[in-house]
1. So how much accessible surface do A and B hide from each other in total, probe 1.4 Å, in square angstrom to the nearest 100?
2. GluC sites (Glu not before Pro), restricted to the range B:260-311: which are DSSP loop and have at most 11 other Cβ atoms within 10 Å?
3. In the range A:240-311, if the dipole is taken from +1 on Lys/Arg beta carbons and -1 on Asp/Glu beta carbons about the Cα centre, which of A:Ala310, A:Phe292, A:Leu247 is farthest to the positive end?
4. For the range B:459-547, what is the accessible area per residue in Å² when the probe is 1.4 Å?
5. Using the alpha-carbon centroid of each, what span in Å lies between the range A:438-497 and the range B:362-396?
6. Amide H to amide H under 5 Å from A:Lys102: which residues, 5+ apart in sequence or cross-chain, H placed 1.01 Å off N in plane?
7. Which is farthest toward the positive dipole end of the protein assembly as shown among A:Met399, A:Phe429, B:Ala232, measuring Cα position about the Cα centre, with Cβ charges +1 (Lys, Arg) and -1 (Asp, Glu)?
8. Give the ranking of A:Asp350, A:Asp174, B:Asp365, A:Asp134 by solvent-accessible surface, highest area first, calculated with a 1.4 Å probe.
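The values are calculated or read from the model by the stated rules, or taken from the named source; none is laboratory data. Since the model is a prediction, treat every value here as computed from it, not as a measurement. In this analysis, Cβ positions are derived from the backbone assuming ideal geometry, glycine residues included, and neighbour counts consider all displayed protein chains. The area values use the complete protein model at the heavy-atom level, side chains included, leaving out ligands, DNA and RNA. Shrake-Rupley method; radii C 1.70, N 1.55, O 1.52, S 1.80 Å.
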Amino acid sequence: MTTNVRTVLSVLLFSVLAHFPLKAVINVGLQPADLFERYETVLTGEIERVDEEAGGFFLRVTALHKGETPEVGEIIEISAVDAMAEALADQVDPIVDIAPGKPVAAFVGMRQRRAEDQLLFYAGGFYLGTRVSDSRWNWTDGDTQMTGVDGQPVPTMAGTWNGSTPQLNHMLEDLARGEAYFPRRGYAAFKEDILIDQLDDTVRGIALYDLYGNGLPDIYVSSPDGDRVYLQMAPLEFIDATEWLGLEQASVSIDVADFDLDGIPDLLVGGTLLRGSANRSGQHGFTPVESFPHDDEERAALKAAAFIEADGDGYPDVIVSLEGGGLRLYRNPGESGGAFTDITEHAGLDRTEAGAGGNGYFTLGDWTGDGRTDIHYAAGPGFLLIQDSEGRFAPHPDMPELRFTSGPDDAPGLTGAGAFAPIIGSGRFDLIIPVASSWHVIENRNGQPIDVTEYGNEINEGSFLHLSTVASDLTLDGNVDIYTISRAQYGHNRFIINRGYGSFMLATVHRAYDKMFSGPSQELGGWALATGDANGDGQPDILLGNEHGHVVLILNDTLSYREPVEHPTDDVARMLQAGVLAVTVEGPRGVVGAIVQLETPEGATVDMRFIGGNNAAGSRGPDEAIFGVRKPGDYLVRVRYADGHERTWPVEISPATQAIARLTATRSD
Amino acid sequence: MVPDITPQLAVVPILINAGAAALPALIAGVASVAALIFKPRQLVRACRRHPGRALGVLFGIAGLTALIAFWPAGDATATGTGRPATSASASTTDWTRVALEIIREEQRRQSRGPAVTQQVSANAEGGTVDVATSDVDAQPAIFRGGIERTGYAGGPAPLGLQPLWEYEEPFAMFLSSPIVHADRVYAAWTLLDPPNSYGGLIALDAATGDLLWEIDERDDGEPFVGIFSSPAVSADGRYVVIGQGLHYDANCDLICVDTQTGEIKWVAPTLLHLESSPAIYGNLVVIGAGAIEVGSDRQPEGHPGYVLAVDLETGREVWRHDIADPESSPAVIDGIAYIGSGFNGNAVVALRTESEDALQASGKDRELWRRDTPYPALGPITIAGNLVLAGCGNGDFVFRAQNPAGAVLALDRDNGEVRWETALPDTVLGAIAVRDNLAICPVRNGEVIALDLDDGAIVWRQRINGSAAILGGPAVTEDLVYAVSQDGYLAILELQDGSVLERHYLNSERRPGTLGLSVSSPFVSDGRVYIGSETGGLRAFDGSTSR
C-alpha cells in the first residue's frame, strides 16, 4: 500500500470536520460486499481506549464476521506509524470517530500479492495499515482525496462507503448471513409518458384516487386555470368529467377522504370542502360544505390544505397552510355533524415556536409511533411538531434547524414538502425533506431526529428549486425511494433510489436498463406530484403536473424487466426473488392517518406506510400501501387505523415474477 | 509472426559468386513468396486458385536451392571483398534475411513513398534523440493489431469456441486488450483497491497460457497503477510499450519493457493518466495523456491533456502537443498521427510527427488539421485507406448519458474534410474495425453496427446481449466478427449480415461481473481468440477452423 503523506493530514482534518454533506458518487466497482469477499478477515469492534501520546488505540473485537481469528473479546493494539504517526503528531484536535466507545469495522489480509497483511478499517472514514499479528496492527495511512462532482474534495473511498460505522457493521452482519442487499444499479424502468391533458396554466395540485368508485384511480387536477377531473372508466382510459361532476373550482391543492364516513370520497379543493355524491348509481357531483380558513381574506393566502387525523376519532380533520399565516387546524365535528371547529389554538399551532405566522408546506406522518399524526412544517428553521394525547402539538426540541428558502431571491415557502417514511431502516418513520437543491434525511433514532444526510452518498445529487418529495418503493425492492419535483419550468425532477443502510443513488445515472424514463416530463419540472398504482399492476406509478400545464402519468414498468438471466449478479438474483404486496385500505373510518405494517410471523416490522401522508405540496395518492418484499414467504399485515382500531391479516408473498400479492384491508367492526 | 524460412544455404563466397548474376531473379521470386508468406491467408487463397503456379514456385525454389547448394566453391580472396575465407563465421550470415530486408525496403517505397530520413532533434533535456522512422514498415503490433483495428493477426478464424486456457490474477480485471506477437500474448491487469489501484503487465505463452514474465512495479519498487491502456509491441519484437493509469490518476508513466527479460527498459513520466493505447511508428511512440475531469460540467482538473511522443529506444520525450482530453488511441501513418479529443475538445486532430526542430525548419505547425466532432471523440482512431474513422458520443465507459447519442465520422486523411457522418444511438468507445469495405462499430447501446465505408450507410446491426453496451472493439477476420458485451458475452457474428453464430460467457461463473466492464477487445490469431474479462481473467479459446 503506498503512502501518501501529502494527503494524510488533510484527510484527518477532513474526518474531523466532515459533518457536512459529501457529494460522494457511488463507486460501483468497490462496494462493502467486495471488501467482504476480498479480505480474509472481517470484524467489527469497539474502541476501548485511545493512546493519544503514542498515537493509537485499543480495539475490542465485538463480532467476527469472516475468518478464524482474532476471537470476539480479544483486544487489538493499533499503533500509528509512518505517515499516520506524523499526521497525528501535527494534528491539534483528536479524530472524532477514534474515541472510546466508538465502533470500528475492519478488513484484514487479502488474497493478493503484497496484501496478505493489508489492513483497511473504517471509523467514520477509511484508514489503512498492516497486520503485525492478530493482536497488533499498524495504522499507517488515511484515505486519499479526490475531487467530487461539486469540485470539492472528497475521500477517495467515500464512493465505497461514506455512511455511519454502525450501518456498515449492520451490513457486515447481513453479508455474513448472506442477506445483504445494497444495489449497485438502478433497477427501475418506466414507460413512455402519458400526457393526460395540457391545461393553460400551472398544475398546482394533483390527486390519484378512485373518485368514481369503479376500482380504477381517477385524476383530480388543481389549477388556477380551473380544476379538472379525469375519470378512469376503463383501464388507462380517462374522460374529462369536470363538467359532468359540476366542478367549477380553481384551486392550488387537492386532497381526498371520506370526511363524513358515508362511503363516498369527498374533496378538499384548496380550502373548500366538497361532499361527494359520485357513484355508479347515477348520483354524482360534489357539494360545497365549508371553506378553510373561514375568513375569506385569510383564505386568499392559502398554500395547501389536507385532511389530517387530529383528534383520534377517525373522522378526518383539516389542516391548512397559509402564506405568512402558519398552520391552521380544524376539527371535524364527526357524528354530531355541523361545522368544523378551528382548534389551532388548542393544538398549540398559534405559537411562534410551532411556526405561527410562517410560510411553508407541511408533511404528515407518525414520528413517535403512537398512532397520532405528527407534522413537519417547513417554515423558518423547520418544525417537527409532535402531537400529544390531548391533540396538542409541540416542536421536537432536538430537530435540527434547516433552511427552507430557495431560488436566487431566497424565497421562503417554496420547498420543504417531504414525507414520513421508513427510509433508514430504523423500524420507525424517518423524515425526508427537500430543500432548495438537496434533501435532508432525518433518521428517527428511537424518537430522536438525527440528520444523517452526510452519510447518504448521492442524496446530495440534487436538482434545483426542489418543491416537494414523495416516498414510495418505486424500485419494488423493499427500500422506500424518493421522487422530487423541481418547480423550475425546465427543472430536472429527481428520482433517488434508496439502497438501504442510509445510502442513496441518483437513479438515472446508474440505471440498469437501457432507459429509465422515456418521456420528456423528467426535465420539465413539476408543481404537483402523487404516486400510486394507476393501472392496477401492483406497481406505484408517478402522476405529475407542471408549469406547462401538463398532466402526465408515468407508468412504472419495473417488474417487466425482472426476467431470469443467464448469469445474474447478486443484486439481480435478489430482485428476481423479491415479491410485491399491494394493500388497499378501506374504512371509511380512520383511513386518513392509518398505518399499514408488514410484519414477520414473529411480529418484527419489515416495512410500513402512512396513509394520507404523501401530500407533496397539495397533492394526494390513493389509500394504498405497496411493498416490495425481498424475502418471499408468510407475513402479517397489520393496519392501525387512525381511531385506534387494529386488524391483522396473514399474507403469503411470492416472487413478483410469479404473482403480485393483493389485500383489501377492511375494518373488522 | 514471421516464420523461419531460412534454408540450408551455402557459405557466403558461393552466394556472392553465383548470386551476383542471379540476384534480380532471386529477389523477384523471393519477394513474391515473402509477400504471400507475410499474408498467409492470401497465400492459401493463391494456392487454391493457382495450384500449378504454387507447385511451380515450389519446384523453382527447390531447384534454386539445389543449384546454390551444389555450386562449386571458389576462392574467397578472389572475390575482391577483402574478407577472409573463414567458412565458420560466414555460415552464420543469413542472406535470405538480407534479401528480405531489401524486399521490405522496396515494398515500403512502393506503398508509402520515399523513406523518411533520419532525424535528430533536441529533447526536453537538451540532449538528442534518434527519431529515425526508416523502419516504419516493420509492422509493430499496436492496439488491435494495426491501424485498421481488426484485432486479427491472420490464420484461421475459430468457431465453436472451446476454452484453451485462462490466466487469473485474484480480483483483478483485464480492462486492457491483449495483443499477440511472436507466439506470445501480452496483456495487462488492473486491481481496484481504493484508495489505490494496481496494475501489471504480463507475457504469456500463446499456446499454453504459461506465464513467461510479469512486471507490476517500477525499478524503484513503486507499484504500477491500474492499466486501461493496451500494449503495443515494437516491430522487432524487442519492446512492449503500454500506458498506465485510470481516469482519476495523475502522474502516470508510459512504460517500455524488454520482451525477453520482462524488465523495464524505460519509463516516461506524464502529468496525467494514459488510458490511451500507444502507437509505435518507427522509433516513435505516440500516446494521449487524458485529462482528469471533475464536477458535473466535466472541467479538467490540472492539465487539460496532451499528446506525447517519445523515442522508442530511450523513452525520451520528442515532442508533446496540448489537446483537450486525448483519451483516444492514436493511429499513425505517413508521418501523421491522428487522435481524438474527448471532453472539452470534441474533435479529431491530425498531428505531424516530426521533431520540433524539423517543424521549425520547415515552418509547419504541429497540427495538420483539426475537425470538430458533435460529441467527445473518445474512441480509438481507425485508418481505412484515405479515411480517418472516429467514434464519438456523449457517454463514457462507466456512465450512459441521460439522452444517449453518438456518431461515426469518416474524415479525409489529407485535410480532415468530412466524407460522411453517421449518427448512431449511442457512443462509440471501442475501436472501429475495418474489413471488406465495412466499418464494424461497437456501440454503447448494445449494438454492433456495420457501416458501408463508401457512404456510412448502415449495412447491418446486431445486439449481443440485449441492451448491454458494446464497449470494446470487435475483432474481424475474413468472414467473422468477434464482439463482446459489457456484461461479458463474447459473440461470433457473420461479417456479411451480422447474424449471431454463437455466444460464450467470459466472466467467472461464480462471480458474475457487476460493473459491466468487459471492455477488453478480442484478438484473433492463428485459430485462437484471446480476450480479457471483468471477473474471468484473461482467456484463450480455440475451436473448429472450418465451417
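1. It comes to approximately 3500 Å² buried between A and B.
2. Here the sparse-neighbourhood loop sites are B:Glu263.
3. Farthest towards the positive end: A:Leu247.
4. Averaged over the residues of the range B:459-547, the accessible area is 29 Å².
5. Their Cα centres are 42 Å away from one another.
6. The answer is A:Ile47.
7. Positive-most Cα among the choices belongs to B:Ala232.
8. Reading off the accessible areas and sorting them downward yields B:Asp365, A:Asp350, A:Asp134, A:Asp174.
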